[in-house]
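Undergrad: Mind looking over this structure? Questions follow.
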Amino acid sequence: MTDTAAWPSERTGASPEAIMSHYDMGNDFFRLVLDPEMIYSCALFAPGDDLSAAQMRKLDHHIEAAGAANKSRVLDIGCGWGAMLRRLVDHAGVGHAVGLTLSPSQAQWIRKTPNPKIEVREQDWRDHKPERRYDAIVSVGAFEHFVHKGLDPRVKLDAYREFFAYCDKVLVTDGRLSLQTIAYSERTKVQPLLDKTFPDSDLPLEWEPIAAAEGTFSLIAARNDADHYYQTLVLWEQNLLANYDKAVALVGKERTDEFRRYLRLSGIGFRGGMVSLMRYSFRKKY
Ligand SMILES: C[S@@+](CC[C@H](N)C(=O)[O-])C[C@H]1O[C@@H](n2cnc3c(N)ncnc32)[C@H](O)[C@@H]1O
């Protein structure tokens, strides 16, 4: 793992500043909206699930899809507030879980409850050069940030290829990657509205991660759970409304209303089939 010349260096993703300004709206704000584990991505619902149960089900789905249970070393690319890291070491028997985030406040939040099996790094995956390979990789809700808008389609696909090449490089032979991302089902007439709803970065088209994985990974499964994101957004909005006055006291009325609008508009995208919630699992090729 020492041929550093081959590590990617060029930046095609959303800037750390753009990502930080969004996530660093404040931990206290997100506490009012999200489940107690602070999971900021689409849940996986079974009948009767509340938000918390559906979020745990989602974590377990990815742990299973990546074959991560009882493994020594697992990497979480885009670890948010660390729920996956905790689930891996506390419930799935993982020896050492490493999480990458670009948000300092997320990293501080995770470090507040020290756990010797958990390591969080404020680091872009492009800069993370581990000494040893990982046994499994999960990445949930981060892929959306890996390219910025306006790239030529070929350059965009190359940026995604760089991600799969990176995962290939840091994963053991036969290792698996479980990836969750929002995607456009197709470029549509309502593109300007979607671009406004997802402003920081560009989203992949559904097929782009599969195409970008060609040569490094083979696809095991892909599913579109757009209706699960709609359900998640409805529950986040309910939480926001139940805590509206507290949210306004924290970030002001304008940002609170803007965030509610963002939840609503995203919901329309998922409900109307313009936007998909893709969960892919891949196996590294020999
Ligand atoms: C929507 S949050 C999802 C967090 C978490 N996986 C969850 O489901 O709650 C996206 C996460 O990806 C991280 N992220 C975005 N781009 C990244 C990059 N290039 N390298 C590492 N982390 C990145 C952000 O800092 C944030 O922690």
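Undergrad: In the chain, with Lys and Arg counted as +1 and Asp and Glu as -1 at Cβ, which of these residues, 115, 147, 125, has the Cα nearest the positive end of the dipole, that is, farthest along it?
TA: 115
Undergrad: Out of all DSSP beta bridges in the chain, what portion is antiparallel? Express it as a percent rounded to 5.
TA: In the chain, approximately 45 percent of DSSP beta bridges are antiparallel ones.
Undergrad: Compute the distribution of all C-alpha to C-alpha distances in the chain, in bins of 10 Å from 0, and list the percent of pairs in each, rounded to whole numbers.
TA: Going from the shortest bin to the longest, the percentages are 6, 29, 39, 21, 4, 0.
Undergrad: If each of residue 112 and residue 133 carries a label point 7 Å out from its Cα toward its Cβ, how far apart are those two points in nm?
TA: Label at residue 112, label at residue 133, 3.8 nm between them.
Undergrad: Placing unit charges on C-beta atoms (Lys and Arg positive, Asp and Glu negative, everything else neutral), compute the dipole magnitude of segment 91-132 about its Cα centre in debye, rounded to 20.
TA: My answer is approximately 100 debye.
Undergrad: Excluding same-chain pairs closer than 8 in sequence, count the lysine pairs in the chain whose Cα atoms lie under 16 Å apart.
TA: Close lysine pairs found across the chain: 5.
Undergrad: May I ask you to rank 174, 124, 76, 90 by accessible area, largest first, using a 1.4 Å probe over the protein chains only?
TA: Per-residue accessible area, sorted high to low, gives 90, 174, 124, 76.
Undergrad: With the chain treated as a Gaussian network of Cα nodes joined by springs under 10 Å, which of 116, 104, 204 yields the largest mean-square fluctuation?
TA: 116
Undergrad: Another question about this same structure. Springs between alpha-carbon pairs under 10 angstrom, Gaussian network model over the chain: which of 233, 250, 102 fluctuates most?
TA: 250
Undergrad: Which cross-chain or sequence-distant (5 or more) residues have an amide H under 5 Å from the amide H of residue 134, H modelled 1.01 Å from N in plane?
TA: 171, 172
Undergrad: Based on Cβ point charges of +1 for Lys and Arg and -1 for Asp and Glu, what charge dipole magnitude is obtained for the chain about its Cα centre, in debye rounded to the nearest 20?
TA: The dipole of the chain has a size of about 320 debye.
Undergrad: Label segment 23-162 by shape, choosing from rounded, prolate and oblate, from the square roots a ≥ b ≥ c of the eigenvalues of the Cα gyration tensor; if a/c is under 1.5 it is rounded, and otherwise prolate applies when a/b is larger than b/c, oblate when it is not.
TA: Rounded.
Undergrad: With springs only between Cα atoms under 10 Å apart, run a GNM on the chain and tell me which of 95, 273, 150 wobbles the most.
TA: Highest fluctuation among the options: 150.
Undergrad: Just to confirm, what accessible area per residue do you get for the chain at 1.4 Å probe, in whole Å²?
TA: On a per-residue basis, the chain sits at 45 Å².
Undergrad: Mean residue ellipticity at 222 nm from the helices of the chain, using -39,500 (n - 2.57) per DSSP H segment of n ≥ 4 over the full residue count, to the nearest 500 deg cm²/dmol?
TA: Calculated mean residue ellipticity at 222 nm is -13000 deg cm²/dmol.
Undergrad: Still on this structure: State to the nearest 20 debye the size of the charge dipole of segment 197-280 about its Cα centre, where the only charges are +1 on K and R beta carbons and -1 on D and E beta carbons.
TA: Here the size comes out at about 340 debye.
Undergrad: Using alpha carbon centroids, what distance separates segment 104-172 and segment 206-224, in Å?
TA: Here the two parts' Cα centres lie 17 Å apart.
The values are calculated or read from the model by the stated rules, or taken from the named source; none is laboratory data. None of these values were measured; they are calculated from a predicted model. Cβ coordinates were reconstructed from backbone atoms using ideal geometry, including for glycine residues, and neighbour counts include every protein chain displayed. In case anyone asks, the SASA skips ligands and DNA or RNA and just uses the protein heavy atoms, side chains included. Shrake-Rupley method; radii C 1.70, N 1.55, O 1.52, S 1.80 Å.
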